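For reference, the structure is listed below as structure tokens.
The values are calculated or read from the model by the stated rules, or taken from the named source; none is laboratory data. Note that the structure is a prediction, hence the values are computed from the model and not measured. In this analysis, Cβ positions are derived from the backbone assuming ideal geometry, glycine residues included, and neighbour counts consider all displayed protein chains.
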Amino acid sequence: MRRTLSLLLIALFMLAPLAAAHAQTRGRRRAAPKAAPKPKMPTSNQPASNADAAAGKPANVLEPSQSPLVSVRLLFMTGTASDPAGKEGVASLTAALLAQGGSRTMTYGQIVEAFYPMAAGFGWQADKEMTAFSGTTHVDNLEKYYAIVRDMLLDPGFREDDFARVKSDAVNFLKVSLRQGNDEELGKEYLYNIIYAGHPYAHHNMGTVSSLERLTLDDVRGFYRQNYTQGNLVIGLAGGYPADFPARVESDFARLPSGGPAPKRFAQPTVAPGMRIEIIQRETRATAISLGFPIPVTRAHKDWPALALVASYLGQHRSSVSHLYQRLREARGLNYGDYAYVEYFPRGMFQFTPSPNLGRSSQIFQIWIRPVEPQNAHFALRATLFEYDKLIREGMKQEDFAGIRDFLTKYSNVLTSTQGARLGYALDSRYYGTPEYTSFMRESLSRLTLADVNRAIRQYLKTDRMRVVMVTKDAAALRDAIVKGTPSPITYNSPKPADILAEDKIIETYKVGVRPEQVVIVPVDRVFQ
Amino acid sequence: MRYLILAALVLSVPLLGIAQQTRGGSNSGSKLFTYPYTIDDLPNGLRLITVPTDYPNLVALYTVVAVGSRNEVEAGKSGFAHFFEHMMFRGSENYTPEQREEIFKRAGAETNAYTTDDRTVYHATFSKEDLEEIMKAEADRFQRLKYTPEQFKTEAKAVKGEYDKNSANPFSKMNEVMRETAFKRHTYSHTTMGYLKDIEDMPNQYDYSLEFFKRFYRPEYTTIVVVGDVTRQRALDLTKRYWGSWQRGTYKADIPDEPEQKESRTAHIPWDAPTLPHLAVAFRAPKFSDTSKELAALDLFQSVAFGENSELYQQLVLKEQKVDVLAADFGHQADPELFTVYARVKDPAQVGYVREQILKTFERHKTELIDQAKLDATRSRMRYGFAMGMNSNNAIAGALAPYIALERTPETLNRLFDTYQTVTAADVRDAARKYFRDESRTIVTLATKGQNIAALGRTVEGQN
């Protein structure tokens, strides 16, 4: 909240996957409230799509409207969890090369040139089970734009120089931007890795530095051949496209190999019992903290709305209304913000709303504590666990429940406020088998009771498999303090109310239930290596 | 323009939504900003701009205060405008922070604020039926802000947390050093975040914060922008009711002029952590004016010379692959600021080469005329890019806010785009000749400590 200038330039220097894909990264602008209701027009929807997918043909999600803009989202139901062992990163490199490389008939330089007067682009995003390509163009330019992106995906150039560039971008993203330029994203991305240790989700979507360095253009060709099939494709179109456009797209993309592996669903990870804390040692001013563990609840699960409500209460992303923010930042001035999630939420530093098309068969519960001063790191960890444990013990109160339910009901309109976002959410609804997102949220939230929410808290929120990542300069001292349970009193620059001081007394010796051998130090150059 | 150009031309994000462009506005014509709008001035100096749109049910309320880090003229007070923005969330006479949060929560509102060199902007988007309650709460904090010294000190720690979280990124430091090297007297010499030493002293500045509020949080500095499902009459009635008795102030910051730069300057930052070398080449550039051909020419030049389809980008990023980030930044600001080109260089040995290529690009355009087709394509791109970004009430208000802070009217955008239409290749060449002179240049480099890169400048302190 309340930030200064230059977020965009900072985002720019994080580069690679961030720069590639997301309209939401545009500076301070948050997605905005919902526009006019869509005109009622025939759409092909889920049942038809599923039947098509089963038949090994492309499925589609169509959202026609009168808008002079056309949004295109081509979603392949494959992703980084399908990276073969030893070839981590090949799914992302393939997507990057398709979206940021030439087609057989045009070099990438020529493509950039052609997009330029249209103010168009073609973004990519590769996650565990989904790879999305997206762009928006004015309908006047649709034919020209589509012809280019169609060839990029169907008739890729696979040139060595494009490959060398996107590969070097990927390596630098991991080695420089993430390891050495953004402790918060570093901590979160590493947390995602260790939560899924031993699972196909375990590596960073961009791969590892060592695997990337080994990857060849032939690896990319192979991944493309095997995974970019008709059966894996869902065509998403929204806006004022001509009536015959969807059929043309379908017919064009029928050139992809037919059939193909049915969309894979991945099992829940097996997490070794007990809390584990990994401390990344890095030369840095502050200490970033992230905590989390896997949950079996996705949007497809009946308890998802309840858990989404809990996360919003505990730490609605970038909002000052939520509980952790109030206790850690507003009352104590510990840091800049504190948030909680029930879904994977990458690039949170740059976005107010999550990107769509990150559908997964396994999700996570996650808490993000923004960097604190190193002398307060132990206290901040304890304070977070204190609040978390208290939530599990006491549950939510009726008045908090009602307020957050109202907020979330209206907020779903904000999330789907633009045509591109609505299309993205529609594709995700197809993946999860849920109704249109805003009505899904409105209806499920209206049925939800406080008892449901408190039962979900007791059922899913646990501490015994919590994974914690901290990024700090003096990792040894922090490890030592945590292992020994050294008291971590906090001092303030101004008098505090008695209730805060009393709570601090409890927090400063609050037990972090972790065995000494489960607190380990990781040199930063080993992360994503 | 900063956000638009960077977003559209540099990040090359897929932009969304042009729907309102043709649906909403009357008199589309050749205007860039096609929405009908009204301007109402209250006797106390407060201005209300109402932009009804056909995005239904929702309203974006932006309160734009023409004060930013530019106004921080006193030593030791850098970063104060931004810090003060934080304090605006700490309660007012009739609303505790908790009561305020509750109102915004019930409204399902998205609310936030930001500060730059020239402005502080408070914004919220919510259902139209909540407009009165939110206007009332907003008016209270602008006129009757109230917080304790204890709250003040606690918030100062959160601001320090904001500095800390940014500090891992080398760009933050580059920006800081560029400004203090390029500007010697003007307040653009410090960042909006401010110097660390000033941030650390903020807890001691309670009395000054009260003074700051008295000086700048005044109707003559403030414009209210209401965009969405609203009528002029409704917005005006509420503005008169809740903001009408706000008292005009008298203070004007005496912002020093920056003397002409007479020698090229350099600075180098040794960075404690491993990183790729960063390079920034900046020239002193003009302040915003919607009728200035020079400014319009530099805007177009920025995209033609350094955008993704520029020869330099294609050479350094795509062909030679010596650079993985290349971006130009030229803001529209109240006072003359910088035209800057940033690059991240993959190989430390190539920093000198990359610097030479950037300088050559500036130099070449002092004599060569840019291609007319490229100029036209750039104008098309800017127009599309702007229009495609205006895809919601919030986006429209957000795009207006910088220009409201500068000129207090959306018309400035139309005038600016009219000026773009008049720019010729010769105008671009002339502007390049006038501004891209060696003696008005500053180059800042950053590299891992101990790393020998070409083009080292005067060494400044390292990583914080």
Among all residue pairs at least 6 apart or on different chains, which show Cβ distances below 8 Å where the first residue, located in the stretch A:411-437, is more than 18 Å from A:V70 (Cβ to Cβ) and not assigned by TED's automatic domain parsing to the domain that holds A:G123 and the second is β-branched (V, I, T) and modelled with pLDDT of 95 or more? A:R430/A:V234; A:Y432/A:T298
In the set B:P219, B:P256, the lone residue that is outside the structural domain of B:Y122 (by TED's automatic domain parsing) and of a type outside the set (A, V, I, L, M, F, W, C) is B:P256
With the checklist (1) more than 19 Å from B:K434 (Cβ to Cβ); (2) more than 14 Å from chain A (Cβ to nearest Cβ) in hand, flag the one item B:K366 doesn't pass. (1)
If you take just the strands (runs of 3 or more DSSP E) that sit entirely in the stretch A:50-137, which of them hold at least 3 residues that are within 14 Å of another protein chain (Cβ to nearest Cβ) and touching a helix residue (DSSP H, G or I) at 6+ places or on another chain (Cβ under 9 Å)? A:69-76, A:123-126
Given the criteria assigned to a loop (DSSP other than H, G, I, E, B), of a type in the set (S, T, N, Q) and either within 23 Å of the chain's Cα centre (by Cα) or more than 30 Å from B:R141 (Cα to Cα) (or both), does B:T250 qualify? no
Residues that are of a type outside the set (A, V, I, L, M, F, W, C), buried (at least 23 other Cβ atoms within 10 Å of the Cβ) and at the interface with chain A (Cβ under 9 Å from one of its Cβ atoms): does the stretch B:143-151 have at least one? no
Quick one: count up the residues across the stretch A:324-340 that are more than 8 Å from every other protein chain (Cβ to nearest Cβ), in a helix (DSSP H, G or I) and crowded, with 22+ Cβ neighbours inside 10 Å. 3
Residues being out of contact with any Pro (no Cβ under 8 Å at 6 or more places or on another chain), in a loop (DSSP other than H, G, I, E, B), on the phi < 0 side of the Ramachandran plot and surrounded by 20 or more Cβ atoms within 10 Å (Cβ to Cβ) - total across the stretch A:204-227: 3
Scan the helices (runs of 4 or more DSSP H) fully inside the stretch B:150-227 and keep the ones with 2 or more residues being among the aromatic types (F, W, Y). B:206-216
Screening B:L48, B:L42, B:L9, B:L61 for residues that are outside the structural domain of B:R344 (by TED's automatic domain parsing) and either at pLDDT below 95 or over 30 Å from B:T239 (Cα atoms) (or both) leaves only B:L9
So B:T275, is it crowded, with 23+ Cβ neighbours inside 10 Å, of a type outside the set (G, A, S) and assigned to a loop (DSSP other than H, G, I, E, B): yes
Would a scan of the stretch B:300-311 turn up a residue that is outside any loop (DSSP other than H, G, I, E, B), among the acidic types (D, E), in contact with a helix residue (DSSP H, G or I) (Cβ under 7 Å, 6 or more places away or on another chain) and crowded, with 21+ Cβ neighbours inside 10 Å? no
Looking for whichever is within 20 Å of the chain's Cα centre (by Cα), over 30 Å from B:S264 (Cα atoms) and at the interface with another protein chain (Cβ under 8 Å from one of its Cβ atoms) here; the options are B:A158, B:A113. Which one fits? B:A113
Please work out if B:A432 is under 30 Å from B:T63 (Cα atoms) and in a helix (DSSP H, G or I). no
Any chance you could count how many residues in the stretch A:321-338 are among the polar types (S, T, N, Q) and in contact with a Lys or Arg (Cβ under 8 Å, 6 or more places away or on another chain)? 1
B:L416: touching a helix residue (DSSP H, G or I) at 6+ places or on another chain (Cβ under 8 Å) and closer than 30 Å to A:V70 by Cα, yes or no? yes
A:I279 fails exactly one of the following numbered conditions: (1) among the aliphatic types (A, V, I, L, M); (2) in a loop (DSSP other than H, G, I, E, B); (3) in contact with a Lys or Arg (Cβ under 9 Å, 6 or more places away or on another chain). What is the number of that condition? (2)
Looking for something under 28 Å from A:Y313 (Cα atoms) and more than 10 Å from chain A (Cβ to nearest Cβ) - is there at least one such residue anywhere in the stretch B:36-57? no
Here are B:P336, B:P259, B:P277: which of them is over 15 Å from B:I443 (Cβ atoms) and more than 20 Å from the chain's Cα centre (by Cα)? B:P259
Just one listed residue, out of B:K128, B:K77, B:K105, is over 22 Å from B:L406 (Cβ atoms), surrounded by fewer than 21 Cβ atoms within 10 Å (Cβ to Cβ), over 18 Å from the mean Cα position of the chain (by Cα) and basic (K, R), and it is B:K128
Any residue that is modelled with pLDDT of 95 or more, touching a strand residue (DSSP E or B) at 6+ places or on another chain (Cβ under 8 Å) and buried (at least 22 other Cβ atoms within 10 Å of the Cβ) - is there at least one of those in the stretch B:253-263? no
Taking the condition more than 13 Å from every other protein chain (Cβ to nearest Cβ) and under 17 Å from the mean Cα position of the chain (by Cα), does B:T63 pass? yes
When you look at B:E85, is it farther than 20 Å from B:D201 by Cβ and acidic (D, E), yes or no? no
Which condition from (1) within 11 Å of chain A (Cβ to nearest Cβ); (2) closer than 30 Å to B:R408 by Cα; (3) surrounded by fewer than 19 Cβ atoms within 10 Å (Cβ to Cβ); (4) at pLDDT 95 or above is the one that B:S380 breaks? (4)
Just checking, does the stretch A:164-175 include any residue being surrounded by fewer than 22 Cβ atoms within 10 Å (Cβ to Cβ) and acidic (D, E)? no
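Residue-by-condition table, conditions (1) crowded, with 23+ Cβ neighbours inside 10 Å; (2) within 9 Å of chain A (Cβ to nearest Cβ); (3) among the charged types (D, E, K, R):
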| site | (1), (2), (3) |
| --- | --- |
| B:F362 | no, no, no |
| B:D376 | no, yes, yes |
| B:G398 | yes, yes, no |
| B:R408 | no, no, yes |
| B:T422 | no, no, no |
| B:D427 | no, no, yes |
| B:D438 | no, no, yes |
From the list A:D480, A:D452, A:D504, pick out the single residue that is buried (at least 19 other Cβ atoms within 10 Å of the Cβ) and either modelled with pLDDT under 95 or acidic (D, E) (or both). A:D504
Residue by residue through the stretch B:318-351, note down the ones that are surrounded by fewer than 23 Cβ atoms within 10 Å (Cβ to Cβ) and in a helix (DSSP H, G or I). B:L318, B:K319, B:P348, B:A349, B:Q350
Mind checking which residues of the stretch B:85-142 are in a loop (DSSP other than H, G, I, E, B) and farther than 20 Å from B:A395 by Cβ? B:M88, B:F89, B:R90, B:G91, B:E93, B:N94, B:T96, B:D117, B:D118
